[in-house]
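The values are calculated or read from the model by the stated rules, or taken from the named source; none is laboratory data. Everything numeric here is computed off the predicted structure, so don't read it as measured data. Here the Cβ positions follow ideal geometry from the backbone for every residue, glycine too, while neighbour counts run over all protein chains shown. With ligands, DNA and RNA removed, areas are computed over all heavy atoms of the protein, side chains included. Shrake-Rupley method; radii C 1.70, N 1.55, O 1.52, S 1.80 Å.
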Amino acid sequence: MSETPDPKTFFRERFPAQLNRSLADQEQAAQMAQRALAGMRSVAATIRFDVRGEGDITVFVNIEGGRSSAGDAPAHPPFLSIAVDRSHYEPLFREAGDNVLGFLGGISGMGAPIKLTRDRVEQIAAVGGTLCFELTGEGGFRLLARLGSAAPSESGDGGDDADTTIRVDTQAYRELREGRLEPQEAFLAGKIAIEGDMQRAMQLALAVLSPD
């Protein structure tokens, strides 16, 4: 335990210094928030969603100035295309809710929803290739995510179409998504299995975790 300073030193030096540190921390947080907001407002991009099976649907979510709207046609070449079988849609919704991109932050251990800034969109698109993500165990699901302008293969949502397959235990995924488990720890414990292009999986994680 540190020695208690004399009252004159405390009130003249220590206490004002603590207030100044608090202000500096808040200023830094505000600057980071402003950068993230500016990055989100500068997004002009499209995400494609395909639900395959009975009642096939394709929806394009177009983002302009950070604002999103759904349509039947893309406003831009999609930087991300996600395909899921109809039978896997409900489990996906149960795990992700309205934040359908939560699986990206989940497997990266963000512990928070990802923000779509211009830099992050560009980095995700630059990874390229097709990722198959499988949540294993009860309530699991599987989806294909194409990174870049090409859509996932029309042949189905199986892992044969993917450059990289990532399989995550359901409970581990929830802990990753909540930030209670580090991806490296989960990988070493066998709770995350990666098949195919390991480097592509790492590039995607770095893109998702890049500063806002």
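For Arg200, the requirement of being at pLDDT 85 or above, open to solvent by 10 Å² or more (accessible area, probe 1.4 Å), out of contact with any helix residue (DSSP H, G or I) (no Cβ under 8 Å at 6 or more places or on another chain) and under 23 Å from Pro113 (Cα atoms) is not met. Specify the residue that is nearest to Ala162 (Cα to Cα); the eligible residues are those in the stretch 184-197 that are open to solvent by less than 50 Å² (accessible area, probe 1.4 Å) and of a type in the set (Gly, Ala, Ser). Once the filter is applied, the top-ranked residue is Ala193. In the stretch 67-88, the qualifying residues are those that are in contact with a Leu (Cβ under 9 Å, 6 or more places away or on another chain) and over 15 Å from Leu101 (Cβ atoms), and the one that is surrounded by the fewest Cβ atoms within 10 Å (Cβ to Cβ) is Asp85. Looking only at residues in the stretch 25-58 that are farther than 17 Å from Ser149 by Cβ and in contact with a strand residue (DSSP E or B) (Cβ under 7 Å, 6 or more places away or on another chain), the one that is most open to solvent (accessible area, probe 1.4 Å) is Ile57.
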